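The values are calculated or read from the model by the stated rules, or taken from the named source; none is laboratory data. Because the structure is a prediction, the values reported are computed rather than measured. A quick note on method: Cβ atoms are made from the backbone with ideal geometry, for glycine too, and the neighbour counts reach across all protein chains shown. For accessibility, only protein heavy atoms count, side chains too; no ligands or nucleic acids. Shrake-Rupley method; radii C 1.70, N 1.55, O 1.52, S 1.80 Å.
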Amino acid sequence: MTSTTMPRARVTGAVSTRTLLGAGIATGPVFGVVATAQVLTRDGFDLSRQPLSLLALGELGWIQVANFVLTGLLALAGAAGLRRVLRGSVAGTWGPALVAVFGVGLIVAGAMPSDPSMGWPAGAPEGSPDSLSWHAVGHGVGAMLAFGSLTIACLVFARRYLRLGARGWALFSVLCALATVVVMAWPDQDSISVRLALGSVFIFGWLTAVSVHTLTERNH
């Protein structure tokens, strides 16, 4: 009985870990596809001046809310997969933990929508609101948690890759962190909505790529 039970337990664990890493891989594509589809189909939405977060408002706002929450849950699952694979190694603690914070930040951002602004939805003020509601403040906190934690995770994984001699992956991680910081900190408020979207591409793309790489490493 012992000789047959133990291998089955190992197989079950292997499948579960692959599934969790697969969730991490899906995080970026799911968010990107759902957000892009809304940008292209929701009448009146203009990404050049309206951030993706505002898609959570209006009659079909539930789609973007679900997008935030779903991708947050996928990121949490991906973090669990990274933890299983990297436990006891460089970045094995802080790397997955930061990815988990990213997931929590996305869920918070989805559960607490922004205030109407920038002309969205129809009838909203054309500029920024004079004051923020509690849920808009919560949305901002969630967004900062998400972007900040995953940017730091890029640097934590860069250190791991340097230790492993994977200089290309280390450089990739550093460049993603640097690009995100530069895009977010660029002093031009008129382009903030586009810069937020571009920063999302960098940071979500990094998580997807690293999840793929971790899964490939594990299978070798």
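Hey, among the residues in segment 36-54 that are assigned to a helix (DSSP H, G or I) and in contact (Cβ under 8 Å) with a residue 40 or more places away in the chain, which one's farthest from the chain's Cα centre (by Cα)? Among them, the one singled out is LEU54.
Could you please give the count of residues in segment 55-92 that are assigned to a loop (DSSP other than H, G, I, E, B) and in contact with a helix residue (DSSP H, G or I) (Cβ under 6 Å, 6 or more places away or on another chain)? Summing the residues that are assigned to a loop (DSSP other than H, G, I, E, B) and in contact with a helix residue (DSSP H, G or I) (Cβ under 6 Å, 6 or more places away or on another chain) in segment 55-92 gives 3. Restricting segment 134-165 to residues that are over 17 Å from the mean Cα position of the chain (by Cα) and open to solvent by 30 Å² or more (accessible area, probe 1.4 Å) leaves a set whose member that is nearest to LEU98 (Cα to Cα) is ARG159. Part of a loop (DSSP other than H, G, I, E, B), over 23 Å from VAL183 (Cβ atoms) and not hydroxyl-bearing (Ser, Thr, Tyr): is that true of ALA124 in this structure? For ALA124, the condition - part of a loop (DSSP other than H, G, I, E, B), over 23 Å from VAL183 (Cβ atoms) and not hydroxyl-bearing (Ser, Thr, Tyr) - is met. Over 25 Å from THR19 (Cα atoms) and either among the charged types (D, E, K, R) or over 16 Å from the mean Cα position of the chain (by Cα) (or both): is that true of GLU217 in this structure? Taking the combined requirement at face value, the residue does not satisfy it.
Results for (1) in contact (Cβ under 8 Å) with a residue 60 or more places away in the chain; (2) more than 23 Å from LEU47 (Cα to Cα); (3) touching a strand residue (DSSP E or B) at 6+ places or on another chain (Cβ under 6 Å); (4) of a type in the set (Gly, Ala, Ser), shown as yes or no for each residue.
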residue	(1), (2), (3), (4)
GLY78	yes, yes, no, yes
LEU86	yes, yes, no, no
LEU98	no, yes, no, no
SER128	no, no, yes, yes
GLY138	no, no, no, yes
TYR161	no, yes, no, no
ARG167	no, yes, no, no
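Each row is one residue, and each column tells you yes or no for (1) buried (at least 16 other Cβ atoms within 10 Å of the Cβ); (2) of a type in the set (Val, Ile, Thr).
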| site | (1), (2) |
| --- | --- |
| VAL39 | no, yes |
| PRO51 | yes, no |
| VAL69 | yes, yes |
| ALA77 | yes, no |
| ALA97 | yes, no |
| VAL104 | yes, yes |
| PRO116 | yes, no |
| ASP130 | no, no |
